[in-house]
């Protein structure tokens, strides 16, 4: 019988962690794609174009998604390293249920729905073919330790949508409060290079490993802040910069000394480091720009 995942040793605490903060995407039509994400997620549009839009949770807080115009129209490159999906985390089933109700009534094309044991997730692609996950976590006390060296048990099982739909608030309220970027899932060309970057250089914990094709990393004991897979990208180069796709990932780091340690690890493992305005900037092994910054306030 599995024991709760919280009984397994992990880095420090939830508060002392590296978390994805926002994602910048290149898109064909920033205004239209901003409207799409707002209608789907109930995030609110903050800054507006014509070539740049930003969105965040409906109850305030930082920008979660930035959309900039691509040099060429979509679709995004499927068989290339880059973004598998951005995963927007709702604080409860109520929020996810409201999203499911919007999807059912708004003509969104759902590509999948999965029970991952630690979470309930809905999947689809935006109009440029860029992947999206909308999910809610199960309470951490319900997570189970994984098998072998996995620190948490995750799986991909059929998801019963009816309880989620029934949890939506009456009257189809937007329910866009409390949304955050829960995790980033990347398509990578070489899984071992991804292991070196997210583990040795960035310093996250390997939480689970799916055979020879996927890794899941986090800090603070979360099930994963970063996923990396080679399902469509083994041996491939990064997606073309002129097409829609992933332009940048930004992470929040809890403390200044942790950011400094991260910068040293990156340099010691051979990754280029740039500093600008208190931020540490680098690129993943596939060339995706990644920014790390200390959480404001």
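The values are calculated or read from the model by the stated rules, or taken from the named source; none is laboratory data. Only a predicted model underlies this, so the values are computations on that prediction, with no experimental measurement involved. Cβ atoms come from the backbone with ideal geometry, glycine included; neighbour counts cover every protein chain shown.
Here are a few things to note about the model shown:
- The sole residue among 42, 38, 57 that is modelled with pLDDT of 90 or more, buried (at least 20 other Cβ atoms within 10 Å of the Cβ), within 20 Å of the chain's Cα centre (by Cα) and farther than 30 Å from residue 259 by Cβ is 42.
- Scanning region 188-213 for residues that are more than 18 Å from the chain's Cα centre (by Cα) and more than 14 Å from residue 229 (Cβ to Cβ) yields a total of 3.
- Which numbered condition residue 245 fails, given (1) at positive phi; (2) surrounded by fewer than 24 Cβ atoms within 10 Å (Cβ to Cβ): (2)
- Condition broken by residue 170, with the remaining ones in (1) more than 20 Å from the chain's Cα centre (by Cα); (2) more than 30 Å from residue 104 (Cα to Cα); (3) free of Cβ contacts under 8 Å to residues at least 24 places away in the same chain satisfied: (2)
- Residue match in region 189-203 (condition: touching a helix residue (DSSP H, G or I) at 6+ places or on another chain (Cβ under 6 Å) and surrounded by fewer than 16 Cβ atoms within 10 Å (Cβ to Cβ)): no
- Hey, residue 189 in a loop (DSSP other than H, G, I, E, B), touching a strand residue (DSSP E or B) at 6+ places or on another chain (Cβ under 9 Å), farther than 17 Å from residue 43 by Cβ and modelled with pLDDT of 95 or more or not: yes
- Output for region 118-160, where each listed residue is over 26 Å from residue 78 (Cβ atoms), in contact (Cβ under 8 Å) with a residue 60 or more places away in the chain and either surrounded by 15 or more Cβ atoms within 10 Å (Cβ to Cβ) or touching a helix residue (DSSP H, G or I) at 6+ places or on another chain (Cβ under 8 Å) (or both): 118, 137, 140, 141, 143, 144, 145, 146, 151, 152, 153
- Pairing each residue of region 269-281 that is without any contact (Cβ under 8 Å) to a residue 40 or more places away in the chain with any residue that is loosely packed, with under 13 Cβ neighbours inside 10 Å and in a strand (DSSP E or B), provided the two are 6+ apart or on different chains, yields C-beta distances under 9 Å for 280/274; 281/274; 281/275.
- Scope region 209-221; condition under 25 Å from residue 21 (Cα atoms), modelled with pLDDT of 95 or more and either touching a helix residue (DSSP H, G or I) at 6+ places or on another chain (Cβ under 7 Å) or in a loop (DSSP other than H, G, I, E, B) (or both); matching residues: 215, 217
- Qualifying positions in region 213-240 - without any contact (Cβ under 8 Å) to a residue 24 or more places away in the chain and farther than 15 Å from residue 184 by Cβ: 213
- Boolean, residue 247 is farther than 28 Å from residue 152 by Cβ and in a strand (DSSP E or B): yes
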